[in-house]
Amino acid sequence: MEDFVSYLHFVVLPQFIDGLIIGVALALVALGLTMIFGLLDVINLAHGDIYMLGGYAAVAALGWGAGYWGALVFVPLLVGVVGWGLEELGIRPLLPRGDRAIVTLLLTFGVSLILRDLAQVVFGTETYAIATPLSGMAKLAGVAVPLYRLFVLICGAAAIVLTWWLVYRTRIGAVLRATAVDPAMVASFGVPIRIVYGATFFYGCALAGFAAVLLGPIYAVFPTMGHDFLLLAFAVVIVGGMGSIAGAVIAALLLSQVQGLASLWIPPVWAETLVYAVMMLVLIVRPRGLFARIGEA
Amino acid sequence: MRKLLDGTHLGAAVAFLAGLLASTHGEAADPVKVGVVTPLSGTYAQIGKQVRWGAELAVKEINAAGGVNGRSFELIFEDEEANPPVAVRKAEKLLLQDKVDLLTGTVNSGSTLAVGQVAERNDRILVTTVSYATSITGAQCNANVFRVNANAFQQSSALTAWLVKNIPGKRYFFVGPDYEMGRSTIAAFQDDIKRLGGTEVGATYPPLGAKDFSPYLGQVRAARPDVIMTATAGNDTVRLLTQLKEYGMLSGELTLAGAAGAVTQENIGAMSGAAEGFVSAAGYAVDVDTPRNKAFVEAFKKQYQTDPDLFGADTYGLFYLFKQAIEKAGTTDTAKLRAAMENVTWETPQGTKKIRKEDHQAVVDMLTVKVVGSSFKTVGRVPGEEAIGPNNCKKF
């Protein structure tokens, strides 16, 4: 019995905490994706590469001497602006069309390819390391956790709480939820819909940029980082329910635990495959995901 | 008649003859072109750097001392990015476009195997100075491929003998990158540890270039090993060891050990103490006490402001083998060169090496090396003939 408790304490608990940290960062990326879909019916295939852009922006900011903390503030803003630009110039002209779902999919796919190649042209194919700003270890319930990863956990959780508060506890959030349900009605109230759309894209992409700076010291920055994360983010959004904020957060935490804990018994590369198997199962059993879309009951 | 022999005509004739002689002398001074396809970017870039430096230093010395039969060496570098398909493309370019006489530089064992086949198709010789997958001179040996460095088998027999003798704990955990080199190196370690009475408590194979090793640390925690043996190299080792340290897993009685390329001069700086006490067995150590090595290390440090590691030293030594072979064969014709490189000995910084004819593997004295602070100290030695093991090459 003692051996089992010791196993839980020293093997399972550290893996659980690790999964929590990754899950929180994954939630930030998935949140942007799900908000954009929930509001605009747009599947943003460029979202992973927006995240990648955030990573490279952090590298550039550090290169200019901004320091990690400066990058943490500056990069989400920059990436948010890029996202807003994408919405204004690329997405909005296509929204009135009947086949908007397909056309925006193609557009964002094209944008993702452009962003990736642009990153390679400007920065090369090498991997860039970002120095860890906090060193040292903290003891959490007897488990050693690197101080920096704890910081990621706290920051990510704070951003999630902020998002929830914005969407469910403010007037802006109410406008957002209403626009998701009936844009025409909201527009007739005199609310500038295009600002709502632009702001949503800005915020969703800023979250992804924030996640990129947080994860930079852990995963490093390289051209295909967005692609890898996007697949996982999509799995999260599908399982959580497309357009659902609660769904994105809970599914992110759930799936990262599936991957983390499974890594104890099967090779971690297979654990990732297991996550996609779970996604497929959800699609078969409950196609709309765990939670309802934003604005719906 | 007299007009033909007057001053101007005679002067012109002499000048013409002199020019003729000069141009023929110029043709004989055609350089020996050596294509070096090595990773200059990516996970193994640090290794490629030492390979490059070792080659450039050797070529500089040899050319300054008169070259090879009056010809100088010319190096042409291409980046293989530690990626076999890229290595094949670059090797083909070197062979078909630059018309190199010899190939070397491959680091990734997969690249060595692939480029070896390209070399065979084009009737040229490839010598690796880094790759240590045993199959390169074993099951997948090739008449056009030679190896001057110690392979995984040689490293393992020397290292595991030292570990079992000096470390009281017997629980071994293995980590290796998931490709030919990682798998075969770990297989060699596993066989030897089992044979010597140790216990394997787990093995895991992260992909080459894995960004985050923390998912793999769960298995390490569950296994509670006394020794972790790793076959990672370059940036992978940096990430693995620093993450082990970050999670507080390096305190206490855990011993780190692994392949010779795991911790080298090039990546030890990036690990800020995480590699303390790391033990490996290599065919070279900076503190080898011979006049030739002392001169080599001094020249290397003067040129590049850092110590050489085994990759730099083995690449440097290779060019002296090339020089000896070309002078003995009198030509760069592949068949004659091959004969001049089999069963021969030559002098390298770490001592005399010999190429075994049956599999083209160099017989190398193995040194057990331990990391102390930021330098490498030799703590044991196994003679070459003992470490090399049986010949597994049946193809030529």
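Quick look at the values:
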quantity: Three-way shape label, region A:96-218, alpha-carbon gyration tensor, a/c 1.5; calculated: oblate
quantity: Under Karplus coefficients 6.51, -1.76 and 1.60, residue-wise ³J(HN,Hα) of region B:228-233 in Hz, glycine/proline x; calculated: 10, 9, 10, 10, 5, 8
quantity: Cα-projected label distance for A:Ala178 with B:Asp30, points at 7 Å along beta-carbon direction, nm; calculated: 8.5 nm
quantity: Disulfide-incompatible cysteines by the Cβ rule (no partner under 4.7 Å) in the protein assembly as shown; calculated: A:Cys155, A:Cys205
quantity: Reciprocal mean inverse distance between Cα atoms of the protein assembly as shown - Kirkwood radius, Å; calculated: 28.2 Å
quantity: Built amide H within the under 5 Å cut-off of B:Ile125, gap 5+; calculated: B:Leu103
quantity: Two-site label geometry, B:Asn63 and A:Val73: point separation in nm, points 7 Å out along Cα→Cβ; calculated: 5.4 nm
quantity: Convex hull volume per residue for region B:37-105, taking Cα atoms only, in Å³; calculated: 67 Å³
quantity: Kirkwood-Stokes translational diffusion coefficient of region B:153-282, alpha-carbon pairs, 10 °C, 1.306 mPa s, µm²/s; calculated: 111 µm²/s
quantity: Average beta carbon contacts from partner chains per residue of A:11-19, 10 Å cutoff; calculated: 4
quantity: Using a Förster distance of 56 Å, the FRET efficiency for B:Phe396-B:Arg171 (Cβ separation, nearest 0.05); calculated: 0.85
quantity: Two-decimal ratio, region B:289-365, of alpha-carbon radius of gyration to 2.2 N^0.38 Å; calculated: 1.20
quantity: Antiparallel %, DSSP beta bridges [both residues in the protein assembly as shown], to 5; calculated: 40 percent
quantity: Per-residue ³J(HN,Hα) for region A:246-257, Karplus 6.51 cos²θ - 1.76 cosθ + 1.60, θ = phi - 60°, Hz, x for Gly and Pro; calculated: 4, x, 4, 5, 5, 5, 4, 5, 5, 5, 5, 5
quantity: Modelled FRET efficiency - R0 35 Å, B:Glu327 with B:Ser41, Cβ distances, 0.05 increments; calculated: 0.50
quantity: Built amide H within the under 5 Å cut-off of B:Met366, gap 5+; calculated: B:Val382, B:Gly384
quantity: Average beta-carbon neighbours from other chains, 10 Å sphere, peptide B:218-225; calculated: 5
quantity: Size of region A:2-285 as Cα extents on the principal axes (Å, biggest first); calculated: 66, 48, 34
quantity: Normalised convex hull volume, region A:134-201, alpha-carbon set, Å³ per residue; calculated: 103 Å³
quantity: Potential lengthening between A:Leu105 and A:Asp117 on full extension [0.36 nm per residue; Cα-Cα distance subtracted]; calculated: 2.5 nm
quantity: Over region B:139-223, equivalent-ellipsoid semi-axes from the Cα gyration tensor in Å; calculated: 24, 20, 9
quantity: Spherically averaged projected area in nm², based on the convex hull that wraps the Cα atoms of region A:128-168; calculated: 4.3 nm²
quantity: Per-residue mean of C-beta atoms belonging to partner chains within 10 Å, peptide A:267-276; calculated: 3
quantity: Label-point gap, in nm, between B:Ala295 and B:Thr345 - each point 7 angstrom along Cα→Cβ; calculated: 1.9 nm
quantity: Chain B - mean residue ellipticity at 222 nm from DSSP helices (-39,500 (n - 2.57) per run, n ≥ 4, rounded to 500); calculated: -14000 deg cm²/dmol
quantity: Relative counts (whole %) of C-alpha pair distances in region A:1-77, using bins that are 10 Å wide; calculated: 16, 28, 27, 18, 10, 1
quantity: Whole-Å semi-axes of region A:209-297's equivalent ellipsoid (Cα gyration tensor); calculated: 23, 18, 11
quantity: Fraction in percent of alpha-carbon pairs per bin - 20 Å, chain B; calculated: 28, 53, 13, 4, 1, 0
quantity: For region A:160-272, the spread of Cα positions along each principal axis, largest first, Å; calculated: 56, 26, 21
quantity: Burial order of peptide ranges B:274-281, A:207-214, B:108-115 (average beta-carbon count within 10 Å, highest first); calculated: A:207-214, B:108-115, B:274-281
quantity: Under-5 Å amide H pairs with B:Thr204, H placed in peptide plane, nonlocal only; calculated: B:Phe174, B:Val175, B:Gly176
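Readers should treat all values here as calculations from the given coordinates under stated rules, not as data from a laboratory. Treat the numbers as computed from the prediction; the structure is a model and nothing was measured. Cβ coordinates were reconstructed from backbone atoms using ideal geometry, including for glycine residues, and neighbour counts include every protein chain displayed.
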